[in-house]
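Please read the structure below before turning to the comments.
The values are calculated or read from the model by the stated rules, or taken from the named source; none is laboratory data. From a predicted model like this one, the values you see are computed outputs, not experimental measurements. Cβ: placed from backbone, ideal geometry, glycine included. Neighbour counts: every protein chain shown.
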């Protein structure tokens, strides 16, 4: 199966008179060399189930199918269904197209038995909520290879003490080992966005933190006023924030960006213990 035998994506878009919808955060990646690199970054996909969100005209979809994946493509914009449907026959049925909103999708119900990797060039306006949704997902969800705006990617992989470090890093790294793999320049997209994009891989940790909802609440308070000391920032969470920090073994005068993954786990556990 070779995607080079298909009509070019640019020709397909012109034939169907299609353009990117800014309201849906669409920027098309038409270069097969880049989409093939994304597929390769995800590892051996032969015979594996893959969920792709926002395939648009199908650039990454082609690369995933070419790599041997069984792809479930969730597309909200019905305009692109006629471009995706010919790929079902071309791939001998290895593609299933789902018309709908990925934020509302029940991925587990879409799959056959087993797990699925998540590989997507995510629409910019829903990338972060989709990531949080998948971080909370059940056993169906395997490794993730996702494209974000570069600044979002940097926030996902950030370490304590850096300017990019915040609640997204804490949440992502509570469940996964996150790595920024490579950047994609804005000029590679049609239309080009204002900033570059980047590919992030997220592989399950051996010791994932199980209470992500609790961690969301704690980090929302901690980073909501990130320039304040935690004893002040956490008052939106509890009036006796200093006692809570002492229970977690954290310095009340510390700031959120100084607290590592282990520290936030202790803080979340201490808050959960109070509610028990």
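The set of residues in the stretch 158-178 being under 13 Å from residue 198 (Cβ atoms) and more than 12 Å from the chain's Cα centre (by Cα) consists of 158, 164.
With respect to the conditions (1) out of contact with any helix residue (DSSP H, G or I) (no Cβ under 8 Å at 6 or more places or on another chain); (2) modelled with pLDDT of 95 or more; (3) under 17 Å from residue 152 (Cα atoms), residue 185 falls short on a single one, namely (2).
Going by what's in this entry, would residue 263 be described as closer than 30 Å to residue 140 by Cα, outside the structural domain of residue 27 (by TED's automatic domain parsing) and touching a helix residue (DSSP H, G or I) at 6+ places or on another chain (Cβ under 8 Å)? Yes.
Selection of the stretch 44-56 for residues being surrounded by fewer than 20 Cβ atoms within 10 Å (Cβ to Cβ) and over 23 Å from residue 178 (Cβ atoms) yields 46, 47. The helices (runs of 4 or more DSSP H) located wholly in the stretch 194-268 that include 3 or more residues which are out of contact with any strand residue (DSSP E or B) (no Cβ under 9 Å at 6 or more places or on another chain) and within 25 Å of residue 133 (Cβ to Cβ) occupy 212-224. Picking from residues in the stretch 33-43 that are in contact (Cβ under 8 Å) with a residue 24 or more places away in the chain and surrounded by fewer than 19 Cβ atoms within 10 Å (Cβ to Cβ), the one that is farthest from residue 12 (Cα to Cα) is 43. Counting the residues of the stretch 71-100 that are farther than 18 Å from residue 9 by Cβ and in contact with a helix residue (DSSP H, G or I) (Cβ under 9 Å, 6 or more places away or on another chain) gives 7. Within the span defined as the stretch 28-41, one or more residues are closer than 24 Å to residue 203 by Cβ, assigned to a strand (DSSP E or B) and at pLDDT below 95. You will find that of 83, 65, the residue that is touching a residue at least 60 places away in the same chain (Cβ under 8 Å) and surrounded by fewer than 22 Cβ atoms within 10 Å (Cβ to Cβ) is 83 and no other. Evaluate the stretch 1-11: report whether one residue or more is in the same structural domain as residue 139 (by TED's automatic domain parsing), touching a strand residue (DSSP E or B) at 6+ places or on another chain (Cβ under 8 Å) and either within 19 Å of residue 114 (Cα to Cα) or assigned to a helix (DSSP H, G or I) (or both). Within the stretch 1-11 (the criterion being in the same structural domain as residue 139 (by TED's automatic domain parsing), touching a strand residue (DSSP E or B) at 6+ places or on another chain (Cβ under 8 Å) and either within 19 Å of residue 114 (Cα to Cα) or assigned to a helix (DSSP H, G or I) (or both)), the answer is yes, since at least one residue qualifies. Look at residue 202 and say whether it is crowded, with 22+ Cβ neighbours inside 10 Å and under 22 Å from residue 106 (Cα atoms). For residue 202, the condition - crowded, with 22+ Cβ neighbours inside 10 Å and under 22 Å from residue 106 (Cα atoms) - is met.
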